[in-house]
Amino acid sequence: MENYKIAVVVGSLRKESFNLKTAKILMALAPESLSLQLVSIAELPIFNEDLEETPPREWVSFREKIRDADGLLFLTPEYNRSIPGVLKNAIDVGSRPYGQSSWDGKPAAVVSVSIGAIGGFGANHHLRQSLFFLNVPTMAQPEAYIGYATGMFDDNGILTNSSTEDFLKDFMVAFGEWVATHAIKQTA
Ligand code: FNR
């Protein structure tokens, strides 16, 4: 069976982030065809095109990790009906230098997790707007807008609700199929 490397990018830097907790659950529920690894965006210097002449090592390392992946799984909180600045920064860093975007062509899925009622719908779709532009084929269905995240986990980060777990498992099965259909064969 083919195995696909998936870079998991979480748009929250909080230790107790619900998005991070959900990412860990998704990683545990993923089908065997997917090998998922968290790729941190916390240390990326703020994008400034002037730095491109001698790019910060954190940018170089991040771009390599994304380039090395066969697919992408994004988890995003919603900040003021959009994505957090730290996630937009990562998107911008990965998209450059011009013509060498690390994101190009990688199949992706987006999950938004919020304490609010509409599950980060605004952030989810703002992120999709950038991914569409960046030629990232992003899974349309099932959608994942996870609301009311407070109380979703126990003290050990275990989901308290089995129907959410069933949904997340089905989501990862669909994502596995999406990746297998759209992954670009990596050359050496
Ligand atoms: C929020 N939050 C929030 N929630 C939401 O559903 N829609 C929104 O527009 C916002 N806006 C917003 C702005 C800022 C600056 C903060 C700090 C928070 C609440 C948000 O859903 C909550 O903090 C989540 O817990 C963030 O995700 P993590 O950090 O738990 O993954």
Only one of these is of a type outside the set (D, E, K, R), at pLDDT 95 or above and farther than 13 Å from Met172 by Cβ: Leu73, Leu38. Name it.
-> Leu38
Return yes when Asp104 is at pLDDT 95 or above, within 27 Å of Thr54 (Cβ to Cβ) and not hydrophobic (A, V, I, L, M, F, W, C) and no when it is not.
-> yes
Would you mention how many residues in segment 139-151 are surrounded by fewer than 19 Cβ atoms within 10 Å (Cβ to Cβ) and not aromatic (Phe, Trp, Tyr)?
-> 7
Within segment 13-36, of all residues that are assigned to a loop (DSSP other than H, G, I, E, B) and of a type in the set (Lys, Arg), the one surrounded by the most Cβ atoms within 10 Å (Cβ to Cβ) is Arg14
Write out, first by first residue and then by second, each pair whose Cβ atoms fall under 8 Å of each other, whose residues are 6+ apart or on separate chains, and whose first residue, in segment 143-155, is among the β-branched types (Val, Ile, Thr) while the second is part of a loop (DSSP other than H, G, I, E, B).
-> Ile146/Ser114; Ile146/Gly119; Ile146/Gly120; Ile146/Met152; Thr150/Ile115
Kindly provide the set of residues from segment 130-178 that are in contact with an Asp or Glu (Cβ under 7 Å, 6 or more places away or on another chain) and at positive phi, ordered by number.
-> Asn135
Scope segment 37-67; condition touching a strand residue (DSSP E or B) at 6+ places or on another chain (Cβ under 7 Å) and not in a loop (DSSP other than H, G, I, E, B); matching residues = Gln37, Leu38, Lys65, Ile66
Only one of (1) within 20 Å of Thr138 (Cα to Cα); (2) within 16 Å of the ligand (Cβ to nearest atom); (3) of a type in the set (Lys, Arg) is not met by Arg14, so which one is it?
-> (1)
Scan segment 81-126 for residues that are among the polar types (S, T, N, Q), surrounded by 23 or more Cβ atoms within 10 Å (Cβ to Cβ) and within 10 Å of the ligand (Cβ to nearest atom) and jot them down.
-> Ser112, Ser114
Residue that is nearest to Asn19 (Cα to Cα), among those in segment 48-81 that are of a type in the set (A, V, I, L, M) and in contact (Cβ under 8 Å) with a residue 24 or more places away in the chain | Leu75
Filter segment 106-138 down to residues that are in contact with a helix residue (DSSP H, G or I) (Cβ under 8 Å, 6 or more places away or on another chain) and assigned to a loop (DSSP other than H, G, I, E, B), then give me how many there are.
-> 6
Within segment 154-173, which residues are of a type in the set (A, V, I, L, M, F, W, C) and assigned to a helix (DSSP H, G or I)?
-> Phe167, Leu168, Phe171, Met172, Val173
Only residues in segment 19-47 that are closer than 19 Å to Ser95 by Cβ count as the first member; pair them with residues that are polar (S, T, N, Q), Cβ under 8 angstrom, at least 6 apart or cross-chain, and list the lot.
-> Ile41/Asn89; Leu44/Asn89; Ile46/Asn89; Phe47/Asn89
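The values are calculated or read from the model by the stated rules, or taken from the named source; none is laboratory data. All values derive from a computational prediction rather than experimental measurement. Glycine gets a Cβ as well: all are built from the backbone with ideal geometry, and neighbour counts include every protein chain shown.
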